[in-house]
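Below is one structure, written out as structure tokens, with a few remarks after it.
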Amino acid sequence: MNAPAPPVSGPRGATALRHAFGGVLRLALARWAAPAHALALAGIVALLGLLCGAFLHAKSGPHFYLGWIVGFYFTFLVPLMAFLSAGGAVREDFRPESVDYLATRPVGRPAYLVCRYLAHLLCAEADFLCAFAVLAVAGLAGGAADLGRALPDLLLAQALAVAAFAALGFLGGVITSRYVIVGLVYGAVIEVGLGQIPTELDRLSLTHQLRLFLDPFLASPALGPPAQGAVVTAALLAGYAAVMLAVAAAIFSRRELAGAAAREG
């Protein structure tokens with residue numbers, strides 16, 4: 001394995017960081033614009049559109065549409081897909097063919113991982129924006145009740161959810177190639193377990209934070225404290241994402257990236 005280039009600091013370090021981010025972003029955009037990714041995204045978005053249309057054609061579909069997309073899309077599908085795509089993205093850096101590129105970056109591994117996360121996040125937000133457009137167009141065309149006034153809050157909730165669960169996906173992917181198992185354990189213990197307990201521990205659940213913010217739009221609003229404001233939700237989810245990314249960067253800086261250890265880890 002090639003020895004990594006020593007990181008630089010000062011003005012040269014800032015320039016090196018910008019160049020590193022630019023390189024990582026160009027690679028991420030190239031993957032994002034690849035025909036295979038475009039076809040997969042088109043298929044998923046088309047399927048989502050069919051589901052929305054089927055729900056809206058039900059007798060009371062337009063009345064319950066807003067609550068349905070909050071319960072199904074924003075607190076289930078978005079977290080799931082954001083986690084899986086991020087975990088898969090970070091595992092690419094553990095492939096032997098990726099090591100030479102990483103070793104020649106004039107920034108440390110933690111800084112590189114942050115750049116990798118930000119580049120992936122931009123692409124992921126673009127993907128989910130396409131899905132959000134389908135939800136909005138289908139709902140407005142189908143006469144969904146109260147959807148128009150909720151769109152700004154829903155768009156903010158989606159951006160926050162993607163950022164938080166992408167950070168969780170990076171952490172899971174750095175820990176192990178079996179990051180799906182990490183996600184299942186997290187979902188069972190935190191989201192399904194602690195997230196359903198009406199104590200302060202439920203604040204550890206990312207989807208619980210989203211539900212507090214989107215509670216007014218749920219089909220059956222929860223009884224209890226008033227809905228959580230956008231500033232509080234954004235601060236908490238951004239804080240959780242920063243902590244998970246910092247832990248991922250610390251682990252990444254010590255992981256072997258080539259050979260059997262990387263393939264088996």
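The numbers here are math on the coordinates, done by the rules we state, and not lab data. These numbers were taken from a predicted model, which means no experiment stands behind them. Here the Cβ is made from the backbone with ideal geometry for all residues, glycine too, and neighbour counts use every protein chain on show.
Observations on the structure shown:
- Applying the Karplus relation 6.51 cos²θ - 1.76 cosθ + 1.60 with θ = phi - 60° to region 230-240 yields 3J(HN,Hα) values of 5, 5, 5, 4, 4, 5, 5, 5, 5, x, 4 Hz, where x marks Gly and Pro.
- Note on Val137 and Glu256: with the Förster distance fixed at 35 Å, the Cβ-Cβ geometry gives a FRET efficiency of about 0.15.
- Backbone HN-Hα couplings from phi across region 61-66 [Karplus 6.51/-1.76/1.60, Hz, Gly and Pro as x]: x, x, 5, 9, 4, 4
- Tensor-based shape of region 77-179 (alpha-carbon gyration tensor, a/c under 1.5 rounded, otherwise prolate or oblate): prolate
- With the simple model of a label 7 Å out from the Cα in the direction of the Cβ, Arg203 to Lys59 spans 4.4 nm.
- Summary of packing: across the peptides 170-176, 51-57, 243-249, the per-residue average of other C-beta atoms within 10 Å ranks them, highest first, as 170-176, 243-249, 51-57.
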